[in-house]
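The values are calculated or read from the model by the stated rules, or taken from the named source; none is laboratory data. Small disclaimer: the values here were computed from a predicted structure and weren't measured. Note: ideal-geometry Cβ built from the backbone for every residue, glycine included; neighbour counts use all protein chains shown.
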Ligand code: MN
C-alpha cells in the first residue's frame, strides 16, 4: 500500500495515477486525548486502521496524483536519524573536498556515529525546499528513507527489519560549512520525505534498490542501496542501542556519490525503484 498525506492533511492511498481520500479512517485516532503517546499515531495504529483504509480506498473520492500537493507521509516523527558516510564512493568524494567545503567529520560511519535532524525541518515533496542561505553552498543528498513502525529499544540486527513500517524517498539537504552537522541539516524544509510511504510488505529487498537524482534534467546521483556500508538492519539495531525508536521515526540511510549544489529555481527529480518518483522544487 502507498499511503500519503496530501493538500490540507488529507490521508490518501495512491493507486496508479490516482490518490484516493481515506481520511475517514482517522476518526478513531483523532479521539485520542492529550497527552498522546510518543510517535506518529497513524503509523502506530497502521495495522488496526488498515482494514478501514482499504475499504475506503475502494469507494473514496479520487484525485489525480499530479493535481495534489504531497506532504510528508509521516506527520509526527519523534526524530529524524541520519547515517553519514555510508557509501564508499561518497566517502571518497567528501575526503577530496578542500577548504570550507571539506567535511569537519572524519572516520568511518561507526566512528562518526549517527546524527539527528530537527523534526521541524521535515516537509513533503510538494512543499519544496526553501534555501535559507542561498549565498552559501546548499547540497542535495539523495537517500532511501526508512520509517519505523513500532517501538523498539536494543533491537537485535536479526529482527530489525520487523520494525519497519515502510519506505519513502528522502532528501537530506545541507548547507555546507564548518558548523555542527545537525545545525546545518536542520533548517526548515531541509528534510524531504515523499512522495508517499510504501508499506514494508511491498519491498522484500530494501537493500537492492536502484535510485537516482537529477537536477533540471541533469543526472547527479545514481546508485543502488546494495552499496550501503551499514545495512538497514545494522543501522536500526545501532540506533536503538542509543535511543528508543518510536513509530514514525525516520531513518535517512546515507547518500551515494554525486552530491552537489542547488539554487533557487532548480527542480530535483528523485527516483527509487519500487517507491516512485518525486519532483522537488527549490526556492
Ligand atoms: Mn545524508
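Overview of values
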{"quantity": "Hey, residue 207 exposed (fewer than 15 other Cβ atoms within 10 Å of the Cβ), more than 16 Å from the ligand (Cβ to nearest atom) and within 16 Å of the chain's Cα centre (by Cα) or not", "calculated": "no"}
{"quantity": "Boolean, residue 151 is within 19 Å of the chain's Cα centre (by Cα), under 27 Å from residue 67 (Cβ atoms) and at pLDDT 95 or above", "calculated": "no"}
{"quantity": "Residue match in the range 103-113 (condition: crowded, with 23+ Cβ neighbours inside 10 Å and at pLDDT 95 or above)", "calculated": "no"}
{"quantity": "Among the residues listed as 189, 182, the single one being in a loop (DSSP other than H, G, I, E, B), at pLDDT 95 or above and within 16 Å of the ligand (Cβ to nearest atom)", "calculated": "189"}
{"quantity": "Selection count where residues are closer than 17 Å to residue 220 by Cβ and in contact with a helix residue (DSSP H, G or I) (Cβ under 8 Å, 6 or more places away or on another chain), scope the range 75-100", "calculated": "2"}
{"quantity": "Hits in the range 68-122 (condition: out of contact with any strand residue (DSSP E or B) (no Cβ under 8 Å at 6 or more places or on another chain), within 19 Å of residue 251 (Cβ to Cβ), assigned to a loop (DSSP other than H, G, I, E, B) and within 16 Å of the ligand (Cβ to nearest atom))", "calculated": "85, 105, 108, 113"}
{"quantity": "3 or more residues surrounded by fewer than 24 Cβ atoms within 10 Å (Cβ to Cβ): qualifying strands (runs of 3 or more DSSP E) within the range 239-282", "calculated": "267-272, 276-281"}
{"quantity": "Residue that is farthest from the ligand (Cβ to nearest atom) [pool: residues in the range 123-148 that are within 24 Å of residue 66 (Cβ to Cβ) and assigned to a loop (DSSP other than H, G, I, E, B)]", "calculated": "126"}
